[in-house]
Structure formats: structure tokens, C-alpha cells
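The structure appears below as C-alpha cells.
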Amino acid sequence: SHFGVTLRGYYKLTLLALFLCLVFLVQPLIVLFSRRFYFRSARFVHHTVCRILEITVTVRGVPCAATPTLYIANHSSYLDIPVLGSIVLGSFVAKGEIASWPVFGQLCRMQDTIFIRRKSSQAGVQRDQLRVRLEENRNVIVFAEGTSTDGVHILPFKSSLFATVQEPLPEGRPIMVQPVSITAVTLDGLPMGRTLRPLYAWYGDMTLTSHGWPMLKLGKMGVVVEFHPPVAN
């Protein structure tokens, strides 16, 4: 990328490394002593990561106040996770191989991520994993396309994940489902159209390093998160 400043990239990388070291020290203690505070601390982590990366999040609409809620969002980048996690209290659903990634896998486990393997033979197991969290009155966040895109097009949704809300909870309480749209809109105050959106979007054969370093060198990015009206199952 021809955009960005190298010194800014090193500055952000240093801040991010120091903050994540602190998270690795403190977050396990929070998990042990305060489950209620756990998700709020996770939201603080996501919010701080957004601030370090200079991502300004604009919220439109209102997140569903009822629990449990299944949030269904589009997906164009790993940056969607801190962006949405800075607003919503809940467990993300991620593909199983991420659990073995260095640093990122550990961070995901500390954030109460649900790891699933997207195989048709595993559909029942996946449904049960999500169902358990919802029955525990926890919110669940799903990127329904199953992978990230260029931020312009939307791929077909993985319909098997919606089977978790076909039946109400044992007590008869409904499970709320709320669609969410995440869109990167500005870079340093200028519109981020199709040409610049790959600076935010991570997809195809992009490696994390080839995308992450240019992204760190960028200036301020603006992302809009729109919460659409929720529906009950």
C-alpha cells in the first residue's frame, strides 16, 4: 500500500503489543473471579484495540436489550471483531482453525469464543454449541457468511447456524435475532469507496502480515455499525 506512515505503524504496533501483554496477564484473573464482569472487560479490550488502531465506530440503531440475542453480521475483516465487540456483549463464533493460531487463538479463547468446524457432518454439533450458550442467557455473535469478503458483496449465509433459534428456550422465552451491518466508510475523513476498502477488508488470498502492516500505518478509519430491528423466533 502507498498509504500510511511507517512511524505511525511502529507506534501502533508497540502500543498494541504492550496492551495485549497486559490483557494476557489480567484477563485470566477476571475469568476466575467475576463471570459477570468478564464480558464487560472483553468489551473494554475491543474498545481499546479500536482506539489504538484509530478506528472510530459510529453506531446507528440500537442493540437489542433482551437476552439472549443472536446477532447476525456481515464480515469483511478481522477488524470487524474489535469493532462489533466494542459495542455488543456476547460470544463470537469463529472457525475452528483459529483456535490454533498463535496469539489470536489464545485471545479468542479468553474472549469466550465458540469455535466450530464448518462441515455438513458437524451441523448438529454446531447447533448444540450455540444453543447451550443461548440457554445460558448469553448473547451470540455470528458472521453468517462464514468467511470475510471485499466489503462490497455479500456471500450466501450458512443456514445451519440459524437452526439454533428455530425453537424457543425451555422456559418458553423467545430468542431474539438482530441483523447487523458493518461498513468501513472513511479514511482520514475521506470517503472509502471500492478502491480503498481493501485497506480495511481482509479476504481472498491476503495474508495477515501483508494486510496488517499496511493497515497499521493508516490514519483514522471510520466504521459504521448499523443495528437493524430485531425479531423474535
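Using only the alpha-carbon atoms, how far is helix 123-135 inclined from the longest principal axis of the chain? Give it as 0 to 90 degrees, nearest 10.
90
Sort 218-225, 96-103 for me by packing, meaning the mean count of neighbouring Cβ atoms within 10 Å per residue, highest on top.
Going from most to least packed, we get 218-225, 96-103.
Relative to the longest principal axis of the chain, what angle (0 to 90°, nearest 10) does the C-alpha long axis of helix 6-33 take?
Approximately 30 degrees, to the nearest ten.
Tell me the angle of helix 35-52 to the major Cα principal axis of the chain, expressed in degrees between 0 and 90 and rounded to the nearest ten.
Compared with the principal axis, the helix lies near 20 degrees.
Taking all protein chains together and a probe of 1.4 Å, list Lys217, Lys95 from the most accessible to the least accessible.
Largest accessible area first, the residues go Lys95, Lys217.
Would you calculate the separation in nanometres between label points at Ile154 and Phe37, each defined as 7 Å from the Cα along the Cα-to-beta-carbon direction?
Taking the simple label geometry, Ile154 and Phe37 are separated by 3.9 nm.
Can you sort Cys21, Cys50, Cys108 by 1.4 Å-probe accessible area, starting with the largest? Don't skip to the end; give the middle numbers.
On the way: Cys21 80, Cys50 5, Cys108 25 Å².
Most to least solvent-accessible, the answer reads Cys21, Cys108, Cys50.
Could you pull out which residues in region 51-91 have an amide N less than 13 Å from a spot 7 Å beyond the Cα of Leu169, following the Cα-Cβ vector?
Under 13 Å, as judged by backbone N against the label point of Leu169, lie 65-70 of region 51-91.
Shape of region 46-134 from its Cα gyration tensor (a ≥ b ≥ c, root eigenvalues): rounded if a/c is under 1.5, otherwise prolate when a/b > b/c, or oblate?
oblate
Which residues' amide hydrogens lie under 5 Å from the amide hydrogen of Ser77, considering only partners 5 or more residues apart or on another chain, with H built in the peptide plane?
Amide H neighbours of Ser77, under 5 Å, 5+ apart: Thr149, Trp202.
Just subtract the alpha-carbon distance of Ala99 and Arg8 from 0.36 nm times their residue separation and send over the number in nm, one decimal.
29.8 nm
Within region 56-81, whose backbone N sits under 17 Å from a point 7 Å along Cα→Cβ of Glu135?
68-70
Please list Phe19, Phe33 from largest to smallest accessible area, probe radius 1.4 Å, with all protein chains kept in place.
Greatest to least solvent exposure: Phe33, Phe19.
How far apart, in nm, are two points set 7 Å out from the Cα along the Cα-to-Cβ line at Arg117 and at Asn233?
Going from the Arg117 label point to the Asn233 one covers 2.5 nm.
Rounded, prolate or oblate: which one fits the chain, using the alpha carbon gyration tensor with axes a ≥ b ≥ c (rounded when a/c is under 1.5, else prolate when a/b beats b/c, else oblate)? Don't skip to the end; give the middle numbers.
Details: a/c = 1.71, a/b = 1.42, b/c = 1.21.
Note, shape of the chain comes out prolate.
How would you rank 185-191, 88-94, 173-179, highest first, on the average number of other Cβ atoms within 10 Å across their residues?
88-94, 173-179, 185-191
The values are calculated or read from the model by the stated rules, or taken from the named source; none is laboratory data. This one's a predicted model, so the numbers in the text were calculated from it and none came from an experiment. All Cβ positions, glycine included, derive from the backbone under ideal geometry; neighbour counts span all protein chains shown. Heavy atoms of the whole protein, side chains included, go into the accessibility calculation; ligands, DNA and RNA do not. Shrake-Rupley method; radii C 1.70, N 1.55, O 1.52, S 1.80 Å.
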